[in-house]
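Visitor: Quick one: the structure is below, and I'll ask about it shortly.
The values are calculated or read from the model by the stated rules, or taken from the named source; none is laboratory data. All figures in this text were calculated on a predicted structure; none of them were measured in a lab. All Cβ positions, even for glycine, are placed from backbone atoms using ideal geometry, and neighbour counts span all protein chains on display.
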Amino acid sequence: MSVTAQSVWNNCLEFIKDNIQPQAYKTWFEPIKAVKLTDKSLSIQVPSKFFYEWLEEHYVKILKVALTKELGETAKLVYIIKMENTYGNKQPFTERIPSSNRSAVKAQDVDIPLNNKNPELRNPFIIPGIRNVKIESQLNPNYSFENFLEGDSNRLARSAGLAVASKPGGTSFNPLLIFGGVGLGKTHLAHAIGVDIKDKYPEKTVLYISAEKFTQQYIDSVKKNNRNDFIHFYQIIDVLIIDDVQFLSGKSGTQDVFFHIFNHLHQNGKQVILTSDKAPVDMQDIEQRLLSRFKWGLSAELQSPDFETRVSILKNKLYRDGVEMPEEIIEYVAKNIKSNIRELEGAIISLIAQSSFNKKEITIDLAKQVVEKFVKNTKREVSIDYIQKVVSDYFQMDIDTLQSKTRKRHIVQARQLAMFFAKKLTKASLASIGSQIGKRDHATVLHACKTVDNLTSTDKQFRKYVEDLSKKLSV
Ligand code: ADP
Ligand code: MG
């Protein structure tokens, strides 16, 4: 067999996989692509500058050992940082670009006066007529880092947030995009970063705003014919936090204006923090040029917290509210409400309320009643494991076969159906569906969903599969 970039890299991966945590392997090594092998030098493509820095900081030793094993003492590793092309530039990759000119935007691409020295500043947060140039940050001081408890599910996002807070605009996490499902702490973390920055740098102008409100303000500004004032207002912010950017999907006017604001802030070393309920690859109806901006910095996911983290979040909440509750009950609630921290807190609050209104003692029975209501009222999300089990049972194969690398048509179809239902019935990202169903990438999952859509409308037998499975999977 000839030695290729791919074969060398595969061997390295095998070695690395055996020597680090599976989660770390998945996060930091699976996304890497081997690109080129020249003599003793292997080029690998990494998704971002942050990624490269993280590898250098944490994995340089193991990379060196692995590569030396393959290519000998003179082995060299070259990183290629993938940059999204923005202006139809066909060149797919760019070598490391120094951060000072990382921004590909030139002033003439922006159609608004960037250095508008006009001091008259219209603040969309205040009623016209009242002159007030001081910008209120709109932050909620109760959402702090201190009460944002750390766990495996949020470690990366939380530490990236802390890094940004200690050096706003000065890290490569710009923008910092925090994404994850409903009630997992995106808003809390976004505020915490802002609150911490205000604390450390009182002179900085920090602004928190939901994408919805931002859109509303923009629409108003167009109506009132002061779009430029709106833009100018946002361009003087030092730290701009926009919550729930998925709300911008389909709103091309607002996206356009945000694009200009973003470029201006980024070019001037200002920090942008975004949250979204989806990973950038899964966002729909957001312009490519904006999506590519989102990927410049770091995208950090908030996942569902594990049991220990759920228990500590509950205990922390009870402690802050000055309520005591038997350990057994806390654990019962944490065991039964898993996928949403807001619901977890909701259950505890209603438990406290029930007991104090009805003068009942907080017992495990009462906890059961309350939790039951919560679990029943919230539509249960099926898990990807469950979907794989149902699909493989239906086709009478085992899950290993479903996940295998075979190209046999009926197995491929079963796998594509599992991916299709995972996309339809869970909030998991394409990438995470792919990695759970036979370690495929997000493009494979996307392709599977399209294939299932096509076959459903053209193939009667296949449509029957989809209908049967839909019934079996409906919860
Ligand atoms: P999202 O914006 O992702 O929907 P929120 O930020 O509104 O979620 O969080 C929902 C609730 O859960 C909030 O009350 C928040 O304080 C709480 N919460 C989320 N994550 C944590 C955490 N790690 N520690 C403590 N409380 C948390
Ligand atoms: Mg939120």
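Visitor: Given (1) part of a helix (DSSP H, G or I); (2) in contact (Cβ under 8 Å) with a residue 60 or more places away in the chain, identify the lone condition not met by residue 370.
Guide: Looking at each condition in turn, residue 370 falls short on (2).
Visitor: Which ones in the range 250-287 are more than 16 Å from ligand 1 (Cβ to nearest atom), outside any helix (DSSP H, G or I) and either surrounded by fewer than 18 Cβ atoms within 10 Å (Cβ to Cβ) or basic (Lys, Arg) (or both)?
Guide: 250, 251, 268, 269, 270, 284, 285, 287
Visitor: Residue under question is residue 199, and the condition is that it be surrounded by fewer than 20 Cβ atoms within 10 Å (Cβ to Cβ) and within 21 Å of residue 296 (Cβ to Cβ); does it hold?
Guide: It is false that residue 199 is surrounded by fewer than 20 Cβ atoms within 10 Å (Cβ to Cβ) and within 21 Å of residue 296 (Cβ to Cβ).
Visitor: Let me ask another. Could you tell me which of the residues 308, 301 is away from ligand 2 (no atom under 16 Å from the Cβ) and either surrounded by fewer than 21 Cβ atoms within 10 Å (Cβ to Cβ) or under 30 Å from residue 52 (Cβ atoms) (or both)?
Guide: Exactly one residue qualifies, and that residue is 308.
Visitor: Continuing with the same structure: Pick from 221, 210: which is within 13 Å of ligand 1 (Cβ to nearest atom), of a type in the set (Gly, Ala, Ser) and out of contact with any Ser or Thr (no Cβ under 7 Å at 6 or more places or on another chain)?
Guide: 210
Visitor: Suppose we filter the range 230-257 for residues that are more than 16 Å from ligand 2 (Cβ to nearest atom) and either touching a Gly at 6+ places or on another chain (Cβ under 6 Å) or not assigned by TED's automatic domain parsing to the domain that holds residue 201 (or both); how many remain?
Guide: The qualifying residues number 0.
Visitor: Hey, another quick one. Residues of the range 172-196 being surrounded by 18 or more Cβ atoms within 10 Å (Cβ to Cβ) and either without any contact (Cβ under 8 Å) to a residue 24 or more places away in the chain or of a type in the set (A, V, I, L, M) (or both), which ones? Talk me through it step by step, then tell me what you get.
Guide: Applying the first criterion (surrounded by 18 or more Cβ atoms within 10 Å (Cβ to Cβ)) to the range 172-196 yields 172-181, 183-196.
Within the range 172-196, 176, 177, 178, 184, 189, 190, 192, 193, 195 qualify.
Visitor: Considering only the range 167-203, state which residues are closer than 26 Å to residue 304 by Cα, part of a helix (DSSP H, G or I) and either touching a His at 6+ places or on another chain (Cβ under 8 Å) or away from ligand 2 (no atom under 15 Å from the Cβ) (or both).
Guide: Of everything in the range 167-203, those that are closer than 26 Å to residue 304 by Cα, part of a helix (DSSP H, G or I) and either touching a His at 6+ places or on another chain (Cβ under 8 Å) or away from ligand 2 (no atom under 15 Å from the Cβ) (or both) turn out to be 195, 196.
Visitor: So which of 350, 355 ends up being assigned to a helix (DSSP H, G or I), away from ligand 1 (no atom under 16 Å from the Cβ), among the hydroxyl-bearing types (Ser, Thr, Tyr) and surrounded by 14 or more Cβ atoms within 10 Å (Cβ to Cβ)? Give the derivation first.
Guide: Values: 350 fails: away from ligand 1 (no atom under 16 Å from the Cβ).
After ruling out the rest, the residue left standing is 355.
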